Amino acid sequence: MRLDLDSLYKNIEQTIRQYNGVHPVDKDVTESDVRNAIRWIMRNNPDIFWFAHQYHYDEASSTIYFQYAFSAERVKTIQQSIYDVIENDFCIEYVKKLTKQEQVAYVYKWLVTYCNYNVNSAYNQSIYSVFIRRNSVCTGYAKAAQYLFNLLGIESRLVFGRLHNDKEDGRHCWNLVKIDNEYYHFDACF
């Protein structure tokens, strides 16, 4: 029997969105399947800021146990604060009236003005670090950009790679955006 990965991804995403701590899966699911599902869920859903890849998969019982960074009540408060930032600081209704190219430029300028790059920022792999803490690193910036692009109807994907000019060949994250059927690299860190 072939494992239905789409169902696995959707079910895990639903479990995370519903803030459930336990999720049983089919006995054929492997640790690698779970890891890949969570990786893709988090790359495609920047709004899921309360889950930081902290889980345990017990293959013997075919059960995933999730840990969350914030309580469910705190998540609701943070979500409302993020909506307030998007509406009042980012001015989403104004930005929606711009051309797609102007929207991309606005997102870039707003992110570099609104948020500080800080390797010591708490929760720096999520939009929470950008919109609430106003300190983040490349992944936080890229997820915040992806989140904003989604709100504006602009297709965006996260890209992960290495900085070749970095002494330590460090990891880096940026966006790929689609405008008028053309793809462009977007990096609010550079």
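The values are calculated or read from the model by the stated rules, or taken from the named source; none is laboratory data. On a predicted model such as this, the values are computed, not experimentally measured, just so you know. Glycine also receives a Cβ, built like all others from the backbone with ideal geometry; neighbour counts cover every protein chain displayed. Remember, those area values only see protein heavy atoms, side chains included, never the ligands or the DNA or RNA. Shrake-Rupley method; radii C 1.70, N 1.55, O 1.52, S 1.80 Å.
Any idea how many residues of region 144-160 are free of Cβ contacts under 8 Å to residues at least 24 places away in the same chain, more than 20 Å from residue 128 (Cβ to Cβ) and not acidic (Asp, Glu)?
At the first step, the residues of region 144-160 found to be free of Cβ contacts under 8 Å to residues at least 24 places away in the same chain are 153, 155, 160.
Then keep just the ones that are more than 20 Å from residue 128 (Cβ to Cβ); that gives 153, 155.
If we keep only those that are not acidic (Asp, Glu) too, we end up with 153.
Total meeting the criteria: 1.
Just one of the numbered conditions (1) in contact with a Lys or Arg (Cβ under 8 Å, 6 or more places away or on another chain); (2) within 30 Å of residue 148 (Cβ to Cβ) is not true of residue 80; which one?
In the conditions (1) in contact with a Lys or Arg (Cβ under 8 Å, 6 or more places away or on another chain); (2) within 30 Å of residue 148 (Cβ to Cβ), residue 80 misses (1) alone.
Of the residues in region 87-125, how many are polar (S, T, N, Q), open to solvent by less than 20 Å² (accessible area, probe 1.4 Å) and either in contact with a Ser or Thr (Cβ under 8 Å, 6 or more places away or on another chain) or modelled with pLDDT under 95 (or both)?
Qualifying residue count for the region: 1.
Here is a list of conditions, (1) under 24 Å from residue 69 (Cα atoms); (2) out of contact with any Ser or Thr (no Cβ under 7 Å at 6 or more places or on another chain), and residue 129 meets all of them except one; can you say which number that is?
(2)
Counting just the residues of region 126-147 that are touching a helix residue (DSSP H, G or I) at 6+ places or on another chain (Cβ under 8 Å) and among the charged types (D, E, K, R), which one comes out least open to solvent (accessible area, probe 1.4 Å)?
For region 126-147, the residue satisfying everything is 143.
Could you please tell me which pairs satisfy a Cβ distance under 6 Å, a separation of 6+ or placement on different chains, a first residue in region 103-130 that is in contact (Cβ under 8 Å) with a residue 24 or more places away in the chain and among the polar types (S, T, N, Q), and a second residue that is assigned to a loop (DSSP other than H, G, I, E, B) and crowded, with 19+ Cβ neighbours inside 10 Å?
126/49
So for region 117-128 (the condition being within 21 Å of residue 41 (Cα to Cα) and aromatic (Phe, Trp, Tyr)), does at least one residue qualify?
Scanning region 117-128 turns up at least one residue that is within 21 Å of residue 41 (Cα to Cα) and aromatic (Phe, Trp, Tyr).
Of the residues 152, 158, 163, which single one is of a type in the set (A, V, I, L, M, F, W, C), farther than 20 Å from residue 125 by Cβ and either surrounded by 13 or more Cβ atoms within 10 Å (Cβ to Cβ) or touching a helix residue (DSSP H, G or I) at 6+ places or on another chain (Cβ under 7 Å) (or both)?
Details: 158 fails: farther than 20 Å from residue 125 by Cβ; 163 fails: farther than 20 Å from residue 125 by Cβ.
Exactly one residue qualifies, and that residue is 152.
Can you tell me which residue within region 20-38, out of those that are loosely packed, with under 14 Cβ neighbours inside 10 Å and among the small types (Gly, Ala, Ser), is nearest to residue 48 (Cα to Cα)?
Step by step, filter region 20-38, then rank; the result is 21.
For region 93-117, how many residues are within 14 Å of residue 188 (Cβ to Cβ) and part of a loop (DSSP other than H, G, I, E, B)?
So the answer is 1.
Could you check how many residues of region 37-60 are farther than 30 Å from residue 134 by Cβ, in contact (Cβ under 8 Å) with a residue 24 or more places away in the chain and not charged (D, E, K, R)?
2
To keep it simple, each residue is scored yes or no on (1) at pLDDT below 95; (2) of a type in the set (Ser, Thr, Tyr); (3) not in a helix (DSSP H, G or I).
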| site | (1), (2), (3) |
| --- | --- |
| 6 | yes, no, no |
| 14 | no, no, no |
| 23 | no, no, yes |
| 49 | no, no, yes |
| 74 | no, no, no |
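Scan (1) surrounded by 13 or more Cβ atoms within 10 Å (Cβ to Cβ); (2) farther than 15 Å from residue 44 by Cβ; (3) of a type outside the set (Gly, Ala, Ser) for the single condition residue 177 breaks and write down its number.
(2)
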